[in-house]
């Protein structure tokens, strides 16, 4: 599972977006680590203190009802004291990549959230499970289906829960689309279109452009959101996919895919099209039905989402998506609530990703998919 050495990873990280801007001013201090009320919550250890942990997950954990930030794991020693001071994390709850396995004896850690480059997801998720901790693995779940299976098996053997970092399944606009689809509110669905893309052309050293760390380009990043969108926008898994790849800047996207489009067929007759890119900006979900339509625009960003249907605009209270996501997983652990993004969902999406790459490699050939109800 160790695709790239940790030393090489840290060297790459120091130049890339994950390690950038961390030392900017931090707006508030907190001593959650010493808060007695947290005895009723689950302690979360963040593994990897890049931009997503810094600006999304850690702030969200300050507002969670069922979990809190109890520990950190980082390969950058300079970050340790900053996070300790900001979040009241004790010295014994600070780990690095080498001593990570000692976290097994730490009773203040219940959940380990792996927020590392894709090539490190399987290694640290499996080690987290063997440490007896519940696991959240950031998307995409792994580099390939084989690694997804290894993570799922490790969690089953350790009798721990496994979730994937699909924040949108806890987000109210997305949940409303899923409700509309399940209720057949606008009759039969005929077409789904999903776009998930952004321009990522300012930092050629970022890890997402390194095939050893990322395993792929736009498809392995934003493309997973587009795949998810057409699945919950149709309420079923696709039965085939045909895909195409486009490159307008091969000098910049040397190792990874720049732009991919793909067409899906579904058992019910739904047809879907997705577009994902690291060189254009687009973010939308649209569904056309016999008796109406639904739309999210934007559909997968951190900023407040927006939506409407043929009946009128959607209007829901919006909270930080990561807060809702982590509380949902904590409730799954504590109370047996449904796991809204289980490991099988992450594996299903990786099966689809591999089929898309296979279609492109075979000259845009249609690739059959046999997913059944996996991940639904």
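Filtered by the rule that a residue be farther than 19 Å from residue 198 by Cβ and part of a loop (DSSP other than H, G, I, E, B), region 255-267 gives a lone residue, 267. I'd like to check something: does region 232-252 contain any residue that is in a loop (DSSP other than H, G, I, E, B), surrounded by fewer than 23 Cβ atoms within 10 Å (Cβ to Cβ), free of Cβ contacts under 8 Å to residues at least 24 places away in the same chain and out of contact with any strand residue (DSSP E or B) (no Cβ under 9 Å at 6 or more places or on another chain)? For region 232-252, residues in a loop (DSSP other than H, G, I, E, B), surrounded by fewer than 23 Cβ atoms within 10 Å (Cβ to Cβ), free of Cβ contacts under 8 Å to residues at least 24 places away in the same chain and out of contact with any strand residue (DSSP E or B) (no Cβ under 9 Å at 6 or more places or on another chain): present. The numbered conditions (1) modelled with pLDDT under 95; (2) within 30 Å of residue 268 (Cβ to Cβ) are all true for residue 200 except (2). Considering the conditions (1) outside any strand (DSSP E or B); (2) in the same structural domain as residue 243 (by TED's automatic domain parsing), residue 322 is excluded by exactly one of them, (2). For region 350-361, the count of residues that are surrounded by fewer than 23 Cβ atoms within 10 Å (Cβ to Cβ), in contact with a helix residue (DSSP H, G or I) (Cβ under 7 Å, 6 or more places away or on another chain) and not assigned by TED's automatic domain parsing to the domain that holds residue 183 is zero. Would it be correct to say that residue 92 is in a helix (DSSP H, G or I), within 24 Å of residue 105 (Cβ to Cβ) and either out of contact with any strand residue (DSSP E or B) (no Cβ under 6 Å at 6 or more places or on another chain) or outside the structural domain of residue 117 (by TED's automatic domain parsing) (or both)? So residue 92 fits the description; yes.
The values are calculated or read from the model by the stated rules, or taken from the named source; none is laboratory data. This structure is a prediction, so every number in the text was calculated from the model and none was measured. Heads up, the Cβs are rebuilt from the backbone with ideal geometry, glycines too, and the neighbour counts pull from every protein chain shown.
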